[in-house]
1. Counting Lys +1, Arg +1, Asp -1, Glu -1, what net charge surrounds residue A:98 among other residues with beta carbon under 13 Å of its beta carbon?
2. Based on DSSP H runs of at least 4 residues, each adding -39500 (n - 2.57), what is the mean residue ellipticity at 222 nm of chain A after dividing by all its residues, to the nearest 500 deg cm²/dmol?
3. For the stretch B:1-55, I need the span (max minus min coordinate) of the C-alpha atoms along each principal axis, in Å, sorted largest to smallest.
4. Where the Cα atoms of the protein assembly as shown are projected onto their three principal axes, how long is each span, largest first, in whole Å?
5. Rounding to the nearest 20 debye, state how big the charge dipole of the protein assembly as shown is about its Cα centre with +1 on each Lys and Arg Cβ and -1 on each Asp and Glu Cβ.
6. Within the set of other residues whose C-beta is less than 12 Å from the C-beta of residue B:101, count the net charge using Lys and Arg as +1 and Asp and Glu as -1.
7. What pairs from A:7/A:116; A:95/B:29; A:95/B:41; A:177/B:29 go past 24 Å between their alpha carbons?
8. Tell me the GluC sites (Glu not before Pro) within the stretch B:11-104 that lie in a loop according to DSSP and have at most 15 other beta-carbon atoms within 10 Å.
Amino acid sequence: MFLEAFKLTLPVLFGYLPLGMAFGLLFQNLDVPWWLASLTSLFVYAGAAQFLAIGLLAAQATPIELFVATFLINLRHIFFGFSFLKRYTFSWLPKGYLIFGLTDETYSVLTAHHPKQPEKDKYLCLWVTALNHSYWVLGSTLGALLGSTFALNTQGFEFTLVALFAVLTLEQAYALKEPFPFWVALGCGCIALLVAPQHMLLIALTLALGIFILTARYHKETSS
Amino acid sequence: MIQTCVIALGVMAVATFLTRVLPFVALSKFKHHPTLLFIGKNLPGAAMLLLVMYALKGTEFNEVPYGLHELLSVGVVIGLHVWQRNSLLSIGVGTACYVYLIQSQWLVRIWTSCM
């Protein structure tokens, strides 16, 4: 199970390591010990929000400002739970950890891979979540420790995440066998990009959710 | 600064966890509702395509090479995946293609030498 999860999360490793390192490196600009970058990645575990926080901390933002900014930038995660309500029925400890670790990438990998046996599924979910989490913490720690002395040029490696999302879009298309959700996404995505590119994901997901709620009844009637 | 950072860390950890746990707290009673099942089935596909668009939204289409680095590499990923359907192969080769293009600036050099 570990090996299967490792194989599934390999693209995330190549995305999280350079991104985590960039975070660790930038975090050192705050003149703090290296382990604070590791702790932040261990307990917050939200890429975009952590990058934003560096700027906010440098500008001496209050904890309330940090709370609001983090909450808003991560609000898109609210939509991810919808696909796991029935699947995450474990006891509170593993369930709590799985919910804590539900990043864009973990969501992507797990919605594309769903073993039928509950016991197998539980361990796959846990390994995938824990491995992704460890890559992020490892990257941040390396970035903070090695700092600017690190010479390896990792420019472009973050493209693994784009490639991962593209591959999983295709896998979702093969599994769903209908173009409907993709047309919805394309339309909502373009509208959101035109209206407010900064909040593109949140706006587009809200629009898409609205369309799914409105059309759920119609689809049920036509499929039955 | 250490104290400020630790407080910040705690505040951010709570805010992040809240966004992830809210649907589980608010909707646990309705997990068998047909509308929620419909959403749970269709949202991943829509979200995945939106994540591709989101991850590429910083692409600069107005200057050389007009987003070709990204378009070519995504093309390689999709082409390979439709052909071989091997995730690691598609992602690995697609990323290698992007890293090469962006680090060598090969297209930009060709473009400028032709102009």
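1. +3
2. After summing the helix terms and dividing by the residues of chain A, the value is -24000 deg cm²/dmol.
3. 49, 33, 7
4. If we take the Cα atoms of the protein assembly as shown, the spans are 61, 56, 43 Å.
5. Rounded to the nearest 20 debye, it is 1060 debye.
6. Values: positive: B:109; negative: B:70.
Computed value for this residue: 0.
7. Distance filter (> 24 Å) returns A:177/B:29.
8. Sites meeting the loop and neighbour criteria: B:60, B:63.
Values in this text are rule-based calculations from the coordinates and carry no lab data. Keep in mind that what you see is a predicted model, and the values were worked out from it rather than measured. Quick reminder, even Gly has a Cβ in these numbers, built from the backbone with ideal geometry, and neighbours come from all protein chains shown.
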